Amino acid sequence: MTERGAPAGEGVKTVPGWGFGALPGIAVHLSAIQPDIVHLQYQTGAFAMSPAVSLLPFVARAACGGSPVVTTFHDLRGPYLFPGAGKLRRAPARVLLGASDGCIFTSPEDVLNARPRRRAAWIPLGPGVLPPARAGRKKARERLHIDSRSFVIAYFGFMNSSKGVETLLHAAKALSGTDLDFRLLFIGEDQGSSDPTNRATATRIRALESQLDLESRVERTGWLPGAEISRALAAADVAALPYIDGASLRRSALITCFAHGVPVVTTTPRAEIELPHKYTVAPFEDRDPFRIDDGVAALVPPGDAEALAGALGQLAGDSRQGLALARGAKQLAARLAWPNIAAATVRFYEDVSEAAA
């Protein structure tokens with residue numbers, strides 16, 4: 001289902017909003033189609049940050065005669081409720097965790113932090129945009145009016161406080177004092193509609209860009225359809241994604257860059273935890289093939305603009321390193337192909353259905 005006013009394909013039902021008033025309409029639709037499983041993709045900033053979606057498992061089971069509900073948690077942040085809500089912000093996610101028959105997490109750390117009482121598993125994300133069979137760098141740059149000799153540093157994704165875009169701008173300022181002819185290319189919409197805080201971050205970024213006198217170095221594509229995102233990534237020499245909380249496979253923008261074979265500079269992942277076998281599902285039982293290390297990306301400390309500038313400058317002068325990183329990144333992305341994720345999800349459905357029977 002989608003919110004009214006959002007793009008809707010054939011067979012997609014709409015609701016007027018994501019508040020509590022949407023629940024009766026959802027119940028009517030579920031009652032009509034009687035699905036075997038209801039699967040909710042939950043992210044705190046989505047659904048207009050309304051806590052009403054936390055009641056979906058109760059609504060779904062009542063409407064479908066007890067069909068299992070599976071929820072994929074893209075994060076465990078608490079939504080904004082009202083000023084001074086404090087610990088109450090955690091309540092919607094806790095309700096959803098307890099009410100779902102099965103929980104999928106895109107981050108292994110979230111599995112253990114959530115302490116799920118029912119069937120749960122880590123299943124990573126795949127690329128948000130699939131690369132085309134062929135991509136032309138020359139034509140891509142011509143469309144973006146970027147000189148063929150410039151070193152293009154791409155940033156892809158929405159802008160929020162966890163993305164480290166301020167660090168990237170300070171690194172660009174440091175590079176502007178060198179002989180490197182570079183452009184900073186922001187690909188896609190910077191704010192999105194799911195998280196209202198993105199707007200404030202984007203405004204702050206533009207102000208900092210002006211303060212650092214980087215405006216002549218910056219190009220912005222604005223919103224692009226998938227094929228044009230691929231074309232823009234083809235124009236890039238490197239992608240800079242300096243996440244404050246470290247690189248993670250929960251970041252679909254990062255995986256998209258990997259899939260497109262763009263050499264990536266990102267931040268060192270947090271120390272990885274051991275995931276008990278009961279939280280794994282084939283083909284993702286062994287995490288070793290899915291680690292983000294220096295074989296797939298150039299890694300720098302979070303918040304370190306000097307290190308980021310150094311890594312970007314090194315890639316600008318070492319094409320062999322870029323090619324090696326691109327090969328490693330594409331190999332990792334191939335293991336994160338959507339057919340693998342779909343197969344793991346089906347296995348998880350089977351486990352949940354068997355437990356609910």
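Observations on the model:
- Reach of residue 139 by Cα under 17 Å, taken over aspartates and glutamates that are not fewer than 8 positions away in the same chain: 147, 219, 228, 237
- Top of 179, 75, 304 by mean-square fluctuation, Gaussian network on the chain, Cα under 10 Å: 179
- Under a Gaussian network description of the chain, with springs only between Cα atoms under 10 Å, the residue in 206, 141, 231 that fluctuates furthest is 206.
- Relative packing of 105-111, 311-317, 221-227, which averages over residues the other C-beta atoms within 10 Å, highest first: 105-111, 311-317, 221-227
- DSSP beta bridges confined to the chain are antiparallel in about 5 percent of cases.
- Ranked 257, 103, 64, criterion: other C-beta atoms within 10 Å, fewest first: 64, 103, 257
- Taking Cα centre as origin and charging only the Cβ of basic (Lys, Arg, +1) and acidic (Asp, Glu, -1) residues, the dipole magnitude of segment 137-336 rounds to 600 debye.
- When the alpha-carbon atoms of segment 137-336 are used, the pair Rg, Dmax equals 16.6, 53 angstrom.
- Rounded to 5, the percent of DSSP beta bridges in segment 137-336 classed as antiparallel: 5
- Segment 45-68 and segment 272-318 have their alpha-carbon centroids 35 Å apart.
- 5 angstrom amide H check on residue 41, placed H, neighbours 5+ away: 72
- Amide proton proximity set for residue 268, modelled H, under 5 Å, gap of 5+: 247, 300
- The charge dipole of the chain, taken about its Cα centre with unit charges on the Cβ of Lys, Arg, Asp and Glu (plus for the first two, minus for the last two), comes to roughly 500 debye.
- Listed values for segment 120-127 are Karplus-derived 3J(HN,Hα) couplings in whole Hz (6.51 cos²θ - 1.76 cosθ + 1.60, θ = phi - 60°), namely 8, 7, 8, 10, x, 8, x, x, and x replaces Gly and Pro.
- Here the Debye sum runs over all C-alpha atoms of segment 206-271 as equal scatterers in vacuum, and log10 of I(q)/I(0) at q = 0.14, 0.16, 0.21, 0.25 Å⁻¹ comes out as -0.53, -0.68, -1.03, -1.15.
- For segment 137-336, with +1 on Lys and Arg beta carbons and -1 on Asp and Glu, the positive-most of 175, 315, 211 along the dipole: 315
- A dipole drawn for the chain from +1 and -1 charges on Cβ atoms has a positive end, and of 70, 357, 234 the residue lying farthest that way is 357.
- In order through segment 139-156: 3J(HN,Hα) via Karplus (6.51 cos²θ - 1.76 cosθ + 1.60), integer Hz, x for Gly, Pro: 5, 4, 6, 4, 5, 8, 6, 10, 4, 5, 8, 6, 8, 9, 9, 9, 10, 10
- Using θ = phi - 60° and Karplus 6.51 cos²θ - 1.76 cosθ + 1.60, couplings along segment 348-355 (whole Hz; Gly, Pro as x): 5, 3, 4, 4, 5, 5, 5, 5
- Packing here is the average count of other Cβ atoms within 10 Å per residue, and on that basis the peptides 233-240, 277-284, highest first, run 233-240, 277-284.
- Relative packing of peptides 208-218, 44-54 - highest average C-beta neighbours within 10 Å first: 44-54, 208-218
- To the nearest ten degrees, helix 319-335 and the longest principal axis of the Cα atoms of the chain are 10 degrees apart.
- Residue exposure sequence - 273, 37, 292 - by fewest surrounding Cβ within 10 Å: 273, 37, 292
- Neighbour-count ranking [beta-carbon atoms within 10 angstrom, fewest first] of 354, 306: 354, 306
- Highest-fluctuation residue, 143, 94, 199 considered, GNM on the chain with Cα pairs under 10 Å: 143
- For Cα Rg over 2.2 N^0.38 Å, the value computed from the atomic coordinates appears in the list (i) 1.04; (ii) 1.13; (iii) 0.99 under label (i).
A short reminder: the numbers here are calculations on the coordinates, not readings from a lab. Because the structure is predicted, anything quoted here is derived from the model rather than measured. Reconstructed Cβ throughout: ideal geometry from the backbone, glycine too, with neighbour counts over all protein chains shown.
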